[in-house]
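All remarks here apply to the structure that follows.
Nothing in this text is a laboratory measurement; each read-out follows from the coordinates by a stated rule. As the structure is a computational prediction, the values presented were derived from the model and not from experiment. Here Cβ is always computed from backbone atoms with ideal geometry, including for glycine, and neighbour counts include all displayed protein chains.
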Amino acid sequence: MNYGLFIAIVLFFALYLLINIYIGKNLKNYLRIMGVKIKNDKIYWAAFMAVAFSYILARALNPFMPEGVDVLLTNTGAYYLAVMAYALIVISALKMLYILFKRRISSCRARIKAAKVFGTIGIVVVFASVVYGSVNARRVETTEYSLKMDKPGPKGGLKVVFASDIHLGNIVGNSRLEELIQVINKEKPDIVLLGGDIVDEDVEYFIDEKMADRLEKIDSKYGVYGVLGNHEYIGGSEEEFEAILSKSQVKILKDEHEEAGGVVLVGRDDLSGERFSGVPRAELEELLRDVDTEKPVIMMDHQPMKSGEAKNLGVDLLLSGHTHRGQLFPGSIITSAIYDIDWGIKSYGDMEAIVSSGYGTWGPPIKIGSNSEVVVINVEFKEEIE
């Protein structure tokens, strides 16, 4: 038994339970002062915890549940994760303000009135945040970059469309996939690149909804290429997913390279692959040994860890995702501290690195302080080749 993992799981569930007890107690107190009578505490807590743990239950019991129940629990739990995050922040902040405020109030009636006001403000703020984040997550931005590579390349340049972290599944479904395809095709791309986490762990939903067939609608002059992300591995079905895509136009590059449209495309296996499959990914030097670096080299690596390592190895453009730019504020503060670049573009010598905040979402279908995006890169070359 891996005791370290066991302890980590126990601590996670203990913390998760304590957070939800804290939120549940504060909600109960608010309902009480607003005159709502809870006749049975056991029923209240059973209902509250059922919602609080619905996402975890849906993930854990997915193979044993009817699809409709799974979708209901997953979506309910996903939204609740956002409610929980913002409720924790808002309740804690308002409690501190209330403590400071109530010292100036002598009467019990005035304190109760203040508690009602603070509680109502908290609920409105949390509700408004979730509504705004839901709308914002569905609003897709096209982020455009223009680069010039100091190498010969195809005449007229190259338009690359990059989409990462789509997270196809029972939250980001076929309607969102169709929207993505429309955005991509509108750009009339030369090459389309998918930067990992194409599916959200459960490949069965991807299969049942025939999502691979829909990916065939992507119109790209030189093809569609992708890499695996950590979620393909977390689901334990990365090989099955690769096999499905091998029958479509999407070519997965797993520590491989291929020439297309006058450039060399390199795809790294995901950093998490070794943890799940036991097979370490190739070192950069080994991966690039047979790559013709006299040609423009575009590399995909799902996680932007140590992005600058490739700068002296002939890579001209490095594309990553994974961070979601935190997805829920203040998550962006955390990702910017963890990663050298968590979103946007950064130069490492002659190499440019671009990190996308991703098209889809993990967990809550909500984005606050981040955007759903598709990246368009217009590449010019030092010398044009017919």
TODO: Show me 364-373, 180-189 ranked by packing, highest mean number of other Cβ atoms within 10 Å first.
DONE: 364-373, 180-189
Open item on the list: I need the peptides 330-339, 315-324 ranked by packing, meaning the mean over residues of other C-beta atoms within 10 angstrom, with the highest value on top.
Closed with: 315-324, 330-339
- [ ] Sort Ile166, Ile252 so that the residue with the fewest other Cβ atoms within 10 Å of its own Cβ comes first and the one with the most comes last.
- [x] Ile252, Ile166
TODO: Name the residues whose placed amide hydrogens come within less than 5 Å of the amide hydrogen of Gly358, ignoring near sequence neighbours (fewer than 5 apart) on the same chain.
DONE: Ser164, Glu373
Open item on the list: Antiparallel versus total DSSP beta bridges in the chain: what percent is that, nearest 5?
Closed with: 30
Task: Charge sum, other residues only, whose C-beta stays under 15 Å from Asp150's C-beta, Lys/Arg counted +1 and Asp/Glu -1 - done: -2
TODO: Identify which of Leu100, Leu177, Leu17 has the largest mean-square fluctuation in a Gaussian network model of the chain, with springs joining Cα atoms closer than 10 Å.
DONE: Leu100
Open item on the list: At 222 nm, what value in deg cm²/dmol follows for the chain if DSSP H runs of at least 4 each add -39500 (n - 2.57) and the sum is divided by all its residues, to the nearest 500?
Closed with: -14500 deg cm²/dmol
Open item on the list: Give the separation of the Cα centroids, the stretch 114-166 to the stretch 229-249, in Å.
Closed with: 26
TODO: Among DSSP beta bridges whose residues both lie in the stretch 177-303, state the antiparallel percentage, nearest 5.
DONE: 35
Task: ³J(HN,Hα), Karplus 6.51/-1.76/1.60, whole Hz, each residue of the stretch 62-73, x for Gly, Pro - done: 3, x, 10, 10, x, 4, x, 5, 4, 5, 4, 5
Open item on the list: How big is the dipole moment of the chain about its Cα centre under a simple scheme where the beta carbon of each Lys and Arg is +1, that of each Asp and Glu is -1, and everything else is neutral? Debye, nearest 20, please.
Closed with: 4040
Task: 14 Å beta-carbon shell around Glu256, net charge (K/R +1, D/E -1) - done: -4
TODO: Mind sorting out which of (i) 1.13; (ii) 0.98; (iii) 1.27 is the real Cα Rg over 2.2 N^0.38 Å computed from the coordinates?
DONE: (i)
